[in-house]
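These notes concern the structure reproduced below.
The values are calculated or read from the model by the stated rules, or taken from the named source; none is laboratory data. A quick note: this is a predicted structure, and the numbers were derived from the prediction, not measured. With ideal geometry, Cβ positions are generated from the backbone for all residues, glycine too; neighbour counts draw on all protein chains shown. Side chains included, ligands, DNA and RNA excluded: accessible areas come from the protein's heavy atoms. Shrake-Rupley method; radii C 1.70, N 1.55, O 1.52, S 1.80 Å.
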Amino acid sequence: HVSTDLKLLNIHPHNLQLNNDEAALEAEVNGNWTPQEKALHEARLKAKAKRRVRKSSSRSESLSESLSGELADGDSHSPKGKVPVPNDRKSRTGKGRGLPKKGGAGGKGVWGAAGMVYEVEEPDVKDPNYDEIAQGDTVYATVVPELDEGELEKTVNPIVQEYFEHGDTKEVQMLLRELNLGHHKYEFSSLAVSLSLEGKASHRELTSRLLRDLVGKELSESDMARAFDKILKELPDLMLDTPEAPQMLGQFIARAIADHALPMAFLDRYKGKVDCDHARAALDRAAVLLSMKREMVRLDNVWGVGGGLRPVKHLVKEMNLLLKEYLVSGEVKEAERCLRDLEVPHFHHELVYEAVVMVLESKGDTAVKMMCKLLQAFWKIGLVTVDQMNRGFQRVYDELPEINLDVPHAHSIMESFTDLCYQESVITKQLRDSCPSRGRKRFVSEGDGGLIKN
């Protein structure tokens, strides 16, 4: 009956017992204990009471959870309805099937599940037992980074300029293989064409040959088409330095199509789709060259014949005409331009030879002074080298006996001309001294039988 009354009053029996003990203890403390002992004893009692309350609350919570799980699920086999067993390593969240971890392949001293076959693993460099010698020969590969647009122009320009000097397409192919142009590969062709537009006709001929040899090896027809597409877009800017760029570009396109470096349908893509007048002029020029009968064969000489490929007779004729025009006009700059356009620096000794022969065959001192002035100008600007000058004079020295048959005073004129050239620093002292001179033949009286006096 007492416990029933306590429940109705909402008083726990444990709390009632605790209050009775505290009351008895307080009466004892008030009688004999000192204040310090009294405070220490009160602290112990409070801590003991807290432990009891915490333990009782945890038990009541676990009991309520188990009861609520059984009521909600109604299944005694559910993990949530089970009372947790001490030292149980299985999952308490209700997930999983209760099987061992890793299918029984995990745990200390276990090498895997039964029947498992391991493959050969590659040796790890960080493994302490790694043996570099046992792995065989080491192969080192060179990784070339891809060139960006700025580095591309700086790298390609020297290659093209050197090619204009030696003309060897195989060397250019070898240099391109060493570069990683990436998706900028087509820009090599556009840079080569742009540089040749600013150069000579021989440079454009070499560029056309280079494009022909690169297609199918280092570049494809699509790369070449992209290159010419870019040049057509940049044509207004190219005309600032080269006003004849549209006509030249048209000849480049026609030559590339004839050499099968560009597809035949390249011009068809632009029909009725070009807004720039300069690009239209270039495409029209290419279409005209390709539409003419039998011109596909003649397009090999669309840039003319280069200086080194011209016949010797043609070069001699051009140099004679150059010197005759100079004697009439007296313009050194025009003569210099004409000589440079011939592009035969190895054949300049022929110019010196023809100039000296003209002096020997001329009448008066005008030709002597003008030819000396011309050779002096070519010598100062370095257009005619020492070797070419010496070879030209030496050829005249060797042929002087034959020239003397047509020009009786050739020896005396030659001596005076060489002295003048030496004074103007055109030839060296050694070359002047090597000039042949014919001594005077003095005969004795008729009674000596016409013998020559020594």
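Being open to solvent by less than 70 Å² (accessible area, probe 1.4 Å), in contact with a helix residue (DSSP H, G or I) (Cβ under 8 Å, 6 or more places away or on another chain) and either within 21 Å of E361 (Cβ to Cβ) or among the β-branched types (V, I, T) (or both) is a property that R391 lacks. Scanning for something under 10 Å from the mean Cα position of the chain (by Cα), within 19 Å of I231 (Cα to Cα) and buried (at least 17 other Cβ atoms within 10 Å of the Cβ), does region 164-176 turn up at least one residue? No: zero hits.
Summed over region 167-223, the residues that are in contact (Cβ under 8 Å) with a residue 60 or more places away in the chain and small (G, A, S) give a count of 3. Condition (residue is closer than 30 Å to N180 by Cα, modelled with pLDDT under 80 and outside any helix (DSSP H, G or I)) applied to region 149-156: is it met by at least one residue? No, region 149-156 contains no residue that is closer than 30 Å to N180 by Cα, modelled with pLDDT under 80 and outside any helix (DSSP H, G or I). Here region 219-272 is the region considered, the condition is being polar (S, T, N, Q) and under 16 Å from A286 (Cβ atoms), and the residue that is most open to solvent (accessible area, probe 1.4 Å) is Q247. For the structure I just gave you, tell me whether D137 is loosely packed, with under 13 Cβ neighbours inside 10 Å and either closer than 19 Å to R255 by Cα or modelled with pLDDT under 90 (or both). Criteria met by D137.
Where residues in region 148-163 are surrounded by 11 or more Cβ atoms within 10 Å (Cβ to Cβ) and closer than 20 Å to S222 by Cβ, which of them is nearest to the chain's Cα centre (by Cα)?
L152
Being outside any helix (DSSP H, G or I) and in contact with a helix residue (DSSP H, G or I) (Cβ under 6 Å, 6 or more places away or on another chain) is a condition met by no residue of region 361-382.
Taking the criterion of being modelled with pLDDT under 90 and over 12 Å from V357 (Cβ atoms), the only residue of region 388-403 that qualifies is P401.
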